[in-house]
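Okay, structure first, notes after.
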Amino acid sequence: MDSLSTRIERLIRPGVRALRAYHVADAGDMIKLDAMENPNVWPGELEQAWLRALSDVHINRYPDAQSQELKDALRAFMDIPVSVDLMLGNGSDELIQILQLAVCGPGRKVLAPTPSFVMYEMIATAVGLEFIAVPLRDSFDLDVAAMCAAIEEHRPALVFLAWPNNPTGNLFDALALEAVIEASPGLVVIDEAYQPFSGQSWMSRIEQYDNLLVMRTLSKMGMAGLRLGVLAGRRAWLQEFEKIRLPYNINSLTQAGVIFVLKHQARIDQQIEQICAERERVAEALEAITGVQVYPSQTNFILFRIENADVVFDRLKQSGILVKNLSGAGTVLDDCLRVTIGLPQENDSFLLALEQAI
Ligand SMILES: Cc1ncc(COP(=O)(O)O)c(C=O)c1O
């Protein structure tokens, strides 16, 4: 009989064994500015109304497999053209997985600029797709010539473009995206996770390109805990992806919970406005600190470079502030930290702790 470790080695694919599980830091009692969450909680009376809406859900029954009422609410909320179809995922992470499962096979490739959202590569490795990373320019702009050359050489089945990009925070030039879409023999997925903070979208251009998909999430606008991602695209594509989606991937409480929240658009808009205003205030305050290089952001986070980022990160933690440390991997992000915009007083605590840390 094989030992357990031999059996694992024999059965688990090498690509999977080489992966490291996605690490989620334990924030404990710290001010949590590491995961691009909306920091606002709902006031008591709205929370009570939300709980009443949830109490109407019969959890002994399976959820609506098509999430039809939720899709209708999303369509109105996100201004999605009627000609475009929707597929929902348990977060956009699941949509990225469904897309990659649909195209994986021997010799198939996925391409994305780097640095970008880590799940594109993690999922590619997990499903056995070759991942092609095309470095961004030093300014973190898209290198269109390098992207088009790599697309021509590798003919990727999927290209992922986070717009705005995580972790750099910038919006790539729209003409650069057009060039990539037009050069791609495969699908191009524009991941608009941070669209609420940039206010710009490709949603209305889906009809213009037959290889364009647009992805959104509700995570960054205050519903990260409900897990809901939205994929918009032509029906012909989505019909194929539907074959891979598990029938009840959006649970009943998420469906009812999001439908309730979307009825309060003015409140969500107001929170987003406040986050954007705070982003500008924090960016200015960071720029005023000697030794800090701030990258422009169209998101709800700010990437900044600072000497001895590892030490600064640890000191911030000791002061009870958790940000994301992107340093230490020997990449272009060395000495970079990423801070999510929190409540005004949380941002103040962060800025004070940062000044003390350096
Ligand atoms: C660009 C981008 N896409 C997708 C996601 C995943 O979002 P979700 O919570 O919907 O899985 C993230 C999360 O940080 C992200 O930064």
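At a glance:
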| read-out | value |
| --- | --- |
| Peptides 50-63, 324-337 ordered by average Cβ neighbours within 10 Å, highest first | 324-337, 50-63 |
| Global geometry of segment 263-314, whether rounded, prolate or oblate, following the gyration tensor of its Cα atoms and the 1.5 cut on a/c | prolate |
| Proximal lysines to Lys263, defined as alpha-carbon separation beneath 25 angstrom and excluding residues fewer than eight positions away on the same chain | Lys71, Lys220 |
| Size of segment 60-262 as Cα extents on the principal axes (Å, biggest first) | 52, 37, 29 |
| Global form of segment 89-178, assessed from the alpha-carbon gyration tensor, a/c cut-off 1.5 | oblate |
| Segments 151-160, 73-82 sorted - mean Cβ within 10 Å per residue, highest first | 151-160, 73-82 |
| Calculated FRET value between Ser83 and Met1, using beta carbons and R₀ = 51 Å, to 0.05 | 0.30 |
| GluC sites (Glu not before Pro) within segment 252-358, DSSP loop, no more than 13 other Cβ atoms inside 10 Å | Glu307 |
| Cα-based reach from Lys109 at 13 Å (exclusive), listing aspartates and glutamates while leaving out same-chain residues under 8 positions away | Glu121, Glu130, Glu152, Glu153 |
| With 10 Å bins from 0: P(r) over segment 215-254, alpha-carbon pairs, percent | 25, 49, 26, 0 |
| DSSP bridge pairs, the chain: antiparallel proportion in percent, nearest 5 | 50 |
| Simple Cβ-charge dipole of segment 60-262, Lys/Arg +1 and Asp/Glu -1, about Cα centre, in debye nearest 20 | 600 |
| Quotient of C-alpha Rg and 2.2 N^0.38 Å, computed over segment 213-306 | 1.47 |
| Among Leu238, Leu46, Leu228: highest mean-square fluctuation, GNM of the chain, C-alpha pairs under 10 Å | Leu46 |
| Percent of Cα pairs exceeding the 30 Å cut-off, where the set is the chain | 41 |
| Estimated dipole of the chain in Debye, rounded to 20 [Cβ of Lys and Arg +1, of Asp and Glu -1, Cα centre] | 1120 |
| Selected from Gln270, Gln195, Gln255 as most flexible by GNM, with the chain as the system and alpha-carbon contacts under 10 Å | Gln270 |
| Neighbour-count ranking [beta-carbon atoms within 10 angstrom, fewest first] of Leu171, Leu262, Leu231 | Leu262, Leu171, Leu231 |
| 222 nm mean residue ellipticity, helices alone, for the chain (DSSP H n ≥ 4; -39,500 (n - 2.57); rounded to 500) | -12500 deg cm²/dmol |
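Values quoted throughout were computed directly from the atomic coordinates according to the rules given, and no laboratory measurement underlies them. None of these values were measured; they are calculated from a predicted model. Neighbour counts run over all protein chains shown; Cβ positions are idealised from the backbone, glycine included.
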